[in-house]
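Every number here is computed from the coordinates shown, using simple stated rules; none is lab data. It should be emphasised that the depicted structure is a prediction, and the values quoted were computed from it without experimental measurement.
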Amino acid sequence: MKSVVTLLAAACAMGLAANASAQSAGQFSAKIGAGKITPEGDSGDLSAPAFPGSKVAVGDATAPVLIVAYGLTDNISAELGLNLPYKLKLSGAGTQAGTGQLGTAEALLPSAFIQYRFFQPEAMLRPFVGLGVTYAYFQKETGSGKLTALLNTGGPATTFSIGAKAAATLQAGVAVNINPRWFVDLTVTKSKLEVQTRYATGQTQSVRLDPLAVILAIGYKF
């Protein structure tokens, strides 16, 4: 976070010396950066047969992101965000705590927002808020030997799948103009997301991810 603050401060200093203009009506912009997601929910219990309190925890992940936006008016923008897969690690929790990594999965989280940008287009600093939807799609779900040992001891490797789900997402951030074309911004989003996991053993488990995402990006206005 210290490096983020330093970068934004440097951008502010550069912007003071330039004739900065922010996104306005009819203008496209694109930005590329890094996003970090932190799941803040927990899982339900694994369905029978399983020990009560058998849960999973999902770790943080980081991935490159690409975001494009279009100014509908001087203050309202439409935004679409895409990411390379976030590589998630699933570990034992609850009565399974300490069992280690149970599996991995990749998450694609395309999102769309309608934003309100404060201040006028020529302002150097423009905070913004947004409301949108995120579609969570999971792929390459892979169970570990520890998962097989827990759910299907002595049997074939246990596989699993995570169902796709759409989720409402809130957004807040600030854009800092370096010059009339280039800018940097910091965005925070929060989604309300619960998914269903199905195991090859026939067992199921709900997982409330509720991810918090932080994105630092550099962009260009066309």
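Let me check against my output: what whole-number percent is the relative contact order of the chain, with C-alpha pairs under 8 Å and at least 6 apart? If you can, show how the numbers build up before the last one.
Values: 632 pairs, mean separation 55.3, N = 222.
Dividing the mean separation by the residue count of the chain yields 25 percent.
Tell me which residues come under 5 Å, amide H to amide H, from GLY35 once H is placed; ignore anything under 5 positions away on its chain.
ALA63, VAL65
What does the helix-only formula give at 222 nm for the chain: each DSSP H stretch with n ≥ 4 adding -39500 (n - 2.57), the total divided by the residues, and the result rounded to the nearest 500 deg cm²/dmol? All intermediate terms of the calculation are to be shown ahead of the outcome.
Details: 2 runs with 22 residues, N = 222.
Mean residue ellipticity at 222 nm (helix-derived): -3000 deg cm²/dmol.
Got a sec to turn the phi values of the stretch 189-206 into Karplus ³J(HN,Hα) couplings, 6.51 cos²θ - 1.76 cosθ + 1.60 with θ = phi - 60°, whole Hz, x for Gly and Pro?
Residue by residue, the stretch 189-206 yields 10, 9, 10, 9, 9, 10, 10, 10, 9, 10, 9, 4, 6, x, 7, 10, 7, 8 Hz.
On C-alpha positions alone, give me the angle between the axis of helix 2-16 and the longest principal axis of the chain, in degrees, nearest 10.
In the chain, helix 2-16 runs at an angle near 20 degrees to the longest axis.
May I ask you to evaluate 6.51 cos²θ - 1.76 cosθ + 1.60, the Karplus curve with θ = phi - 60°, for each residue of the stretch 209-222 and list the ³J(HN,Hα) values in order in whole Hz, giving x for glycine and proline?
Whole-Hz 3J(HN,Hα) from phi for the stretch 209-222: 7, 6, x, 9, 10, 10, 10, 10, 9, 10, x, 9, 9, 8.
Sort out for me the Cα centre separation of the stretch 127-153 from the stretch 44-64, rounded to whole Å.
Each part reduced to its Cα centre gives a spacing of 10 Å.
Which entries in the list LYS31/LYS55; LYS55/LYS140; LYS87/LYS192; LYS89/LYS190 go over 28 Å, if you measure between the two C-alpha atoms of each? Let's see the in-between values first.
On the way: LYS31/LYS55 38 Å; LYS55/LYS140 21 Å; LYS87/LYS192 20 Å; LYS89/LYS190 20 Å.
Long pairs (Cα-Cα over 28 Å): LYS31/LYS55.
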